[in-house]
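Trainee: This is the structure I have questions about; it appears just below.
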Amino acid sequence: MSLPVVLFALLATVTAVSALGVVLSRNVVRMAVWLLFTLIGVSLLYLLLGAEFVGAAQLIVYVGGTLVLLVFGVMLTAQGPLRELRTPAAQLVVGGILGAILVSLLIVVSYHIVLPNPPEQDKLPGVASLGLAFLGVTETNPPAALTGLPEGTRVARTPVAYLLPFEIVSVHLLVVLIGAAYLARAKRRVQS
Amino acid sequence: MTELGLQPFLALSAFLFACGVVCIASKRNAIGVLMGVELVLNAANVNLVAFARYNPAFQLEGQVFTLLVIVLAAAEAAVALAIILNFYNNHATVDVDQADELKG
């Protein structure tokens, strides 16, 4: 048992247990806390896989941004009986059975995946190549050919850059945040 | 890392995905449904980063797509929360079972 295996076992246990906690806890505040531990576990998994920037972005954006937003939503809406809405037991049983079927199916499928070429080098490209790809500098030397093609058709991969998706997603984020601020602005409450 | 392999990450991601789906399907609190969506997106991200690590052809793509998904998840959470707050302002509840005004 090497260090990565031990670390993965630890992180996977923490992440899975807190994901189960999100599903099973009824109180929405406790769900938020379990979700916090799940997100931190996933970001540590990214660090274990060697994707440092993605792990840091997960910590900053998810834990520092999205989860705080969710907690604010909980604070603004959870009062009295709304904090613990009970799901009928029959629905929970049906959902649990379907979830168990789904997870076993997915695990069976994932253990049939065979990667065509095992990784040679032990490092993911770092922040520098990520930033260059986002800025539109095309990758001149792809580390490997495309996988999943029939034998004999070894097509070299087209050098790609991600400037257009980056711009689209940034404008999308701006538009969405303006829209959210417009939607959630203070209004006189309608008496029902 | 090579002795660990891709499959344990895929199994963990499948578990996270199933948890998220059950959360979406069974929670009555709208914010709980939103948390289920976050779990599903995180499961997809774990898959992407694991494939980036174990398939040399997708080393850069996996990380790029993960970052895009993280940004989109933040945007989705903001809009969904605004909608939930509006619903709460109009109906004084966040129970998704009460949102049946369009029911035929």
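Trainee: Could you identify the single residue in A:Gly41, A:Gly99 that is in a helix (DSSP H, G or I) and more than 7 Å from every other protein chain (Cβ to nearest Cβ)?
Mentor: After ruling out the rest, the residue left standing is A:Gly41.
Trainee: Report yes if some residue within the range A:103-113 is within 21 Å of B:Met35 (Cβ to Cβ) and modelled with pLDDT of 90 or more; otherwise report no.
Mentor: Looking only at the range A:103-113, we keep the residues that are within 21 Å of B:Met35 (Cβ to Cβ), and these are A:103, A:106.
Those left that are additionally modelled with pLDDT of 90 or more: A:103, A:106.
The answer is yes; a qualifying residue exists.
Trainee: Which one of these is at the interface with chain B (Cβ under 9 Å from one of its Cβ atoms), in a helix (DSSP H, G or I), closer than 16 Å to B:Ala30 by Cβ and β-branched (Val, Ile, Thr): A:Val5, A:Val74?
Mentor: Going through A:Val5, A:Val74 in turn, just one is at the interface with chain B (Cβ under 9 Å from one of its Cβ atoms), in a helix (DSSP H, G or I), closer than 16 Å to B:Ala30 by Cβ and β-branched (Val, Ile, Thr): A:Val74.
Trainee: Working carefully through the options B:Ala74, B:Ala57, B:Ala30, find the one that is without any contact (Cβ under 8 Å) to a residue 12 or more places away in the chain and under 17 Å from the mean Cα position of the chain (by Cα). If you could, list the steps in order and put the result at the bottom.
Mentor: On the way: B:Ala57 fails: under 17 Å from the mean Cα position of the chain (by Cα); B:Ala30 fails: without any contact (Cβ under 8 Å) to a residue 12 or more places away in the chain.
From the options B:Ala74, B:Ala57, B:Ala30, the qualifying one is B:Ala74.
Trainee: Checking B:Val33 against (1) farther than 25 Å from A:Leu10 by Cβ; (2) crowded, with 23+ Cβ neighbours inside 10 Å, which test does it fail?
Mentor: Every condition holds for B:Val33 apart from (2).
Trainee: Which of the residues that make up the range B:48-63 are assigned to a helix (DSSP H, G or I), surrounded by fewer than 23 Cβ atoms within 10 Å (Cβ to Cβ) and at the interface with chain A (Cβ under 7 Å from one of its Cβ atoms)?
Mentor: B:Pro56, B:Ala57, B:Leu60
Trainee: Look through A:Gly50, A:Gly80 and report the one residue that is on the phi > 0 side of the Ramachandran plot, at the interface with chain B (Cβ under 8 Å from one of its Cβ atoms) and at pLDDT below 95.
Mentor: On the way: A:Gly80 fails: at the interface with chain B (Cβ under 8 Å from one of its Cβ atoms).
Going through A:Gly50, A:Gly80 in turn, just one is on the phi > 0 side of the Ramachandran plot, at the interface with chain B (Cβ under 8 Å from one of its Cβ atoms) and at pLDDT below 95: A:Gly50.
Trainee: Any residue in the range B:76-96 that is at the interface with another protein chain (Cβ under 7 Å from one of its Cβ atoms), within 30 Å of B:Pro8 (Cα to Cα), part of a helix (DSSP H, G or I) and out of contact with any Gly (no Cβ under 7 Å at 6 or more places or on another chain)? Break it down stepwise before answering.
Mentor: The initial filter retains those residues of the range B:76-96 that are at the interface with another protein chain (Cβ under 7 Å from one of its Cβ atoms), namely B:77-79, B:81-86, B:88-95.
Next, from what is left, pick out any that are within 30 Å of B:Pro8 (Cα to Cα): B:77.
The next check asks that each one be part of a helix (DSSP H, G or I); those that pass are B:77.
Filter once more, keeping what is out of contact with any Gly (no Cβ under 7 Å at 6 or more places or on another chain): B:77.
The answer is yes, given that some residue of the range B:76-96 is at the interface with another protein chain (Cβ under 7 Å from one of its Cβ atoms), within 30 Å of B:Pro8 (Cα to Cα), part of a helix (DSSP H, G or I) and out of contact with any Gly (no Cβ under 7 Å at 6 or more places or on another chain).
Trainee: May I ask you to list the residues in the range B:75-94 that are under 12 Å from B:Met35 (Cα atoms) and in contact with a Ser or Thr (Cβ under 7 Å, 6 or more places away or on another chain)? Working first, answer last.
Mentor: If we filter the range B:75-94 for residues that are under 12 Å from B:Met35 (Cα atoms), which is where we start, we get B:76-77, B:80-81.
If the condition is that a residue be under 12 Å from B:Met35 (Cα atoms) and in contact with a Ser or Thr (Cβ under 7 Å, 6 or more places away or on another chain), then B:Ala77 is the only one that fits.
The values are calculated or read from the model by the stated rules, or taken from the named source; none is laboratory data. The shown structure was predicted, so the numbers you read here are calculated from the model rather than taken from an experiment. Reconstructed Cβ throughout: ideal geometry from the backbone, glycine too, with neighbour counts over all protein chains shown.
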